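The block underneath contains the structure these notes are about, expressed in structure tokens.
The values are calculated or read from the model by the stated rules, or taken from the named source; none is laboratory data. Model, not experiment: these values are computed from the prediction. Note that each Cβ is placed from the backbone with ideal geometry, even for glycine, and that neighbours are counted across all protein chains shown. Surface accessibility is based on the protein's heavy atoms, side chains included, excluding ligands, DNA and RNA. Shrake-Rupley method; radii C 1.70, N 1.55, O 1.52, S 1.80 Å.
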Amino acid sequence: GVITALLSENFASGKRTDENGDLPLHLILRGGGSVEHVVVKTLLTCFSGALSRTDMHGDHPLSIALKNRCNSAVTNYLLMQFPNAAVTLDGEGRSPLVLALLYDAEDRIILSLLNHAPYFAVQRDELSGLTPIQIATDQGHSHNVVYNLLKRDMPIDLKEKTQPMVLSHNYSWNHLVSGTNDEYHHVVTKVLQQCTQPQVLALAHVEGKDGRIALASATTVCRHEMRVMLRLFNSLEVVNQRPAYSNPNSDTQIFYALRFDVPPHHMGGNYTMLYQEELGQTHADILEDMDDVSVTTRKTTRTNRTTTASLTQEMNFTVEEKLRQIRNEKGQQVIAKLTSRSDVVERELRVRKDFRLSRNYVPAILSVHHTVQHSAYSEAMAEPGYCIVLEGADTTLENMMVDLRKAGKVFPVKALKRIGIALLHLHEHGLIHGDFGTHNIGKFKERWKILGVGGAVQVNEYTDPNRGFYHPPEAIELETNFSLTKKSAPAHIVSIKAKYSYDMWAYGVAAYDAITNIPLAPYNQGGKTESSGVDLNKIARWDDNALMKSLKPVAHDFHAHDLLRQLLHPNPVARFKTMRDVLNHPFFSTTSSSGPSEKIGVGIQPPETRATVSYIHREDRIPRPLMHRQFSSPDSMGSSEVSSPLRRQLSAPLSPRSQKVNRVPSFENYENESSSPPQESRKKSSNFASLRDSFLPRRKLKNSGNTKELFLGSAPKR
């Protein structure tokens, strides 16, 4: 009131300067927060030109008000009356924006200065060498101020949604994610929420002054926020951007990923959820009668109330609470199957629904999304695209066998049986897998499940020769324009009717590897790549002799020998009829997964006191293996007593037909219905042996008083 009264008496005094050249307005503004808006307004009424006049230090009234921390009403009035003051530097060369940040001006003053002079947001202060955003974070300004400063120095063009390019910038983004100790992680989150995934990916790879990308140099919470926004559909975090599997024919790629709960503030997005797993489906939890593994309970979905509460709670998280939340966050292992073809998605869903497949034996489909954003992970993918999210296995049978082999351990028989139960479930619901093998069997905690069921075919339909690795001999043909006696003749896979025997062969290959700890001969190159011509040739020529040769590692174990023989038989009719017959075999009821009678690393072994191969030596008899009788006696097949036939063989006299050395007896007598009866075969063998004995005399060789038998066919020594 005093100043107003004085001015009313002498109106011209508002224009006079003191001995230092300062106007009354300059002197009043140095009063700081006690200066009233009405006084400033009165002085400017007397002399409006004072707004553009500088004081003794070269400062304009706006700069004086900012330095002395005048209230926002005064500062805002000065700015509104003289907007050009926002672009005028003070006597030290500092911009009004820097002064407002240094002297803790209110947010609306700073934002107003930004609107009047936006280019000062990226101009470095000459005195301190800091950018405005660095000054703002050092001074502890609000998130709103920092966010607006960042928006004016973004390293990418936010208008370019799909292919953002890095622009010239002053590293405000890099400072915010790596130089603020996560105090402004909410600003980082707000920026990322406005970006598409290609833009998020570009921001994560923006290089700082030190050459490190933002994702690598970011502090913990900011890095986590970038990782969250890089997740497909806000929930899938890809473990490796390089696909684990690619199929150009079906335009399909498979990625290993971790599935997290969708953050409340990330709900929605530029994608459509076409399918989500429903709880309570009766067929989804079917258990086979042979199964001995309990069913685990599944997570329930979050309610809207929980989501709202979580959103409110998360917005109020401190840095310490956020760090604790990050440490406790656990992701579920899943497989993300990306494809541009809708028929691939429909087949995966239809085969589970139409054939009522249980999630206890095949991986469950958790969700299906339709989007254009996943192209940020793979430039080769077409747009638009689909993403099928399936349960992820802890490991595959193939990897587990490799690990056990390196550790010198034996694969447990109980696990082999559970794998068979999963295949039984597929067969008894009318499907043939067609690509069954160690690569398509996954371990999910205590359960074994069959992968790749989307390509399974119905029983009696025709198989796909372009799919699969472990094809049986009947599905492989040798090229006719090459000599069939040539061991390296090319072979090719043909389409045949899908029978249980098709998967039976593949299960036999996996069982052979598990029991013997060595791959079956045709697949002895790891089985991870497409089968070569040599491998196909060996399978196409698979016969009784090749089978008996491959079964030598289990010659000591009757049940293991008999199981693998009926699984890997070259004649599909002679294999097990069903997987139920396989699982009821005595091998699974009499053989333990480990015990004192097993040698580590060489499969299931006999007791130490038993010889693996023994020969009977008599003066008037020819040596032969003890296992010979097991192969030639159809009555002994499937017997639960291993020692009885061996004991009878040791005590029984040798018949003339058994004097055939180094020849494997044929299985046709008891496995092929069209073959000749065993009695006729026995008669022919006996006649041949008698004729042979009349021309090939036996001889004795004396050596240190011991008698040694010579094999038949040796020339007599005169």
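Computed over protein heavy atoms with a 1.4 angstrom probe, the accessible surface ordering of Val319, Val40, largest first, is Val319, Val40. If I take every Cα pair under 8 Å that is 6 or more residues apart in the range 1-144, average their sequence separation and divide by the length, what percent do I get for the relative contact order? Over the range 1-144, the number comes to 17 percent. Restriction of the trypsin sites (Lys or Arg not before Pro) in the range 16-54 to DSSP coil positions whose beta-carbon has at most 16 other beta-carbons within 10 angstrom yields Arg16, Arg30, Arg53. Measuring only protein heavy atoms, the 1.4 Å probe finds Asp464 accessible over about 80 Å².
Rolling a 1.4 Å probe over the protein heavy atoms of the range 325-367, with every protein chain left in place, gives an accessible area that is 44 percent carbon and sulfur. The accessible area of Ile254, taken with all protein chains in place and a 1.4 Å probe, comes to roughly 40 Å². Quick one: grab the alpha carbon gyration tensor of the range 194-268, order the square roots of its eigenvalues as a ≥ b ≥ c, and give me rounded if a/c is under 1.5, else prolate or oblate depending on whether a/b is larger than b/c. Here the range 194-268 falls in the oblate category. Sorting Ser168, Ser52 on solvent-accessible area from highest to lowest, probe radius 1.4 Å, gives Ser168, Ser52. In plain terms, the chain from Glu477 to His205 could stretch by 92.7 nm, reckoned as 0.36 nm per residue minus the Cα-Cα distance.
Treating only the Cβ atoms of Lys and Arg (+1) and Asp and Glu (-1) as charged, compute the dipole magnitude of the range 1-134 about its Cα centre; round to the nearest 20 debye.
Magnitude of the dipole: close to 240 debye.
Between the beta carbons of Ser72 and Gln332, assuming R0 = 45 Å, the FRET efficiency works out to 0.30 to the nearest 0.05. For the range 412-510, the share of accessible area belonging to carbon and sulfur comes to 51 percent (1.4 Å probe, ligands and nucleic acids excluded). With 19 Å as the limit, the listed pairs Lys337/Lys406; Lys414/Lys538; Lys499/Lys577 have Lys337/Lys406; Lys414/Lys538 beyond it between alpha carbons.
The residues of the range 128-238 expose, per residue, 39 Å² of accessible area to a 1.4 Å probe.
Under the simplified labelling scheme, the Asn115-Asp354 pair shows an inter-label distance of 6.3 nm, with each label point 7 Å from Cα along Cα→Cβ.
Take the solvent-accessible surface of the protein heavy atoms, probe 1.4 Å, and return the percent of it on the range 157-255 that carbon and sulfur atoms account for.
C and S fraction of accessible area: 47 percent.
For Thr219, the accessible surface of its heavy atoms amounts to roughly 30 Å² (probe 1.4 Å, protein chains only, rounded to the nearest 10). A simple spin-label model places the labels of Asn84 and Asn240 6.5 nm from each other, with each point 7 Å out along Cα-to-Cβ. When the square roots of the Cα gyration tensor eigenvalues are ordered a ≥ b ≥ c, the ratio a/c for the range 321-468 is 1.5 or more and a/b does not exceed b/c, which makes its shape oblate. Take the Kirkwood radius over Cα pairs of the range 84-144, plug it into Stokes-Einstein at 10 °C and 1.306 mPa s, and you get 139 µm²/s for translational diffusion.
Shape of the range 64-110 from its Cα gyration tensor (a ≥ b ≥ c, root eigenvalues): rounded if a/c is under 1.5, otherwise prolate when a/b > b/c, or oblate?
oblate
With a 1.4 Å probe rolled over the protein heavy atoms of all chains, the accessible area of Glu446, Glu329, Glu126 falls in the order Glu126, Glu446, Glu329, largest first. Counting 0.36 nm for each residue step from Glu126 to Glu92 and taking away their Cα separation leaves a gain of 11.3 nm.
Between Arg347 and Ala216, what is 0.36 nm times their sequence separation minus the Cα-Cα distance? Round to one decimal in nm.
Contour length minus Cα-Cα distance gives 43.1 nm.
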